[in-house]
Amino acid sequence: MKTTPRDFLKICGASAAALGLSATDLGQLKEVLADPNGPTVIWLQGSACTGCSVSFLDRIADAPPLTAAGVLVNSSSLIYHLDLATLAGDSAVAEIEKVYSRGGYVLAVEGAVPTKFGGKACLGWSDNDPDVTFHHAVVDLSSRAVATLCVGTCASFGGIPAPSPNPTGVKSVSAVTGKPTINIAGCPTHPDWIVYVVAQILLGNQVALDPLGRPKDLFTKYPIHDMCMRRAKYELGLKAQSFGIDNFC
Ligand code: SF4
């Protein structure tokens with residue numbers, strides 16, 4: 001039986017346990033992302049350690065497709081990511097501009113936004129010589145995005161780069177755009193949470209947010225222990241396989 005995007009939504013949204021996506025879930029996500037008529041995803045990296053991307057890249061299933069990153073790279077939806085996208089240089093800039101002029105894409109931002117020195121502490125790319133600052137790129141691209149996702153605590157709230165003395169004037173994405181963002185907080189954030197939110201948006205579903213702009217399904221609907229992937233073993237009485245094991249948690 002063919003799995004529809006609606007079925008995938010049920011799998012993703014039915015319970016906290018389902019957020020630990022299986023290879024089957026990833027395969028269904030692949031189907032959703034491969035829709036050439038669906039929104040595209042632009043993923044920018046600013047004042048960040050790239051840990052959220054690494055967390056995302058490390059998400060491995062036990063059968064193909066093995067990684068969420070692989071799903072995105074092989075889809076028609078991810079048109080730009082510094083580490084993952086196949087486009088680079090002028091062709092990447094041209095593609096971003098094409099998608100920007102069309103509008104309706106998903107903007108994922110990893111990292112906070114330096115605002116001092118005219119934003120030149122962090123550059124996005126060059127466009128026919130003038131440097132485009134990350135600050136400028138985030139403000140511009142968020143203006144035509146169907147949703148702006150903050151991947152990790154840096155983009156969501158400033159994170160590690162923002163505390164005093166903050167010489168580059170780092171701010172969160174919503175502080176510089178003046179617009180609400182979907183804050184997938186965490187340092188790094190959990191890869192399945194990124195997949196979950198991207199899937200909801202590509203499926204055209206509203207993502208309910210808590211007062212901090214975080215998806216309620218991920219941050220406030222369930223107690224933290226319900227989100228723990230080791231809880232099932234604990235419930236089965238397999239305590240030795242669930243908590244307190246060196247190099248495991
Ligand atoms: Fe790195 Fe943490 Fe910022 Fe992610 S939220 S980019 S892991 S410092």
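The values are calculated or read from the model by the stated rules, or taken from the named source; none is laboratory data. The structure presented is a predicted model; accordingly, all values stated were derived computationally and were not measured. Neighbour counts run over all protein chains shown; Cβ positions are idealised from the backbone, glycine included. These accessible areas exclude ligands, DNA and RNA; they are computed on the full protein's heavy atoms, side chains included. Shrake-Rupley method; radii C 1.70, N 1.55, O 1.52, S 1.80 Å.
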Order Glu95, Glu110 by their accessible area, 1.4 angstrom probe, all chains in place, largest first.
Glu95, Glu110
Just read off the accessible area of His225 with the full protein assembly in place, 1.4 Å probe, to the nearest 10 Å².
130 Å²
Simple spin-label model, 7 Å along Cα-to-Cβ: Ser164 to Lys221 in nm?
4.0 nm
Among the listed pairs Lys179/Lys221; Lys116/Lys179; Lys98/Lys171, those beyond 31 Å (Cα-Cα)
none
Provide the FRET efficiency to the nearest 0.05 for the Asp90-Ala175 pair, computing r from the beta carbons and using R0 = 35 Å.
0.65
Carbon and sulfur atoms account, in whole percent of the 1.4 Å probe accessible area of region 114-195, for 57 percent
Taking a 1.4 Å probe, which of Cys49, Cys122, Cys228 shows the most accessible area, and what order do the others take after it?
Cys49, Cys228, Cys122
Asp131-Glu235 pseudo-label distance in nm [points 7 Å out on the Cα-to-Cβ vector]
5.3 nm
Determine the order of Ser156, Ser91 by accessible area, beginning with the largest, at a probe radius of 1.4 Å.
Ser91, Ser156
Counting only backbone N atoms under 16 Å from a point 7 Å out along Cα-to-Cβ of Leu57, the residues of region 186-200 in range are 188-189, 191
Taking K and R as +1 and D and E as -1, what net charge do the other residues with C-beta under 15 Å from the C-beta of Asp127 add up to?
-4
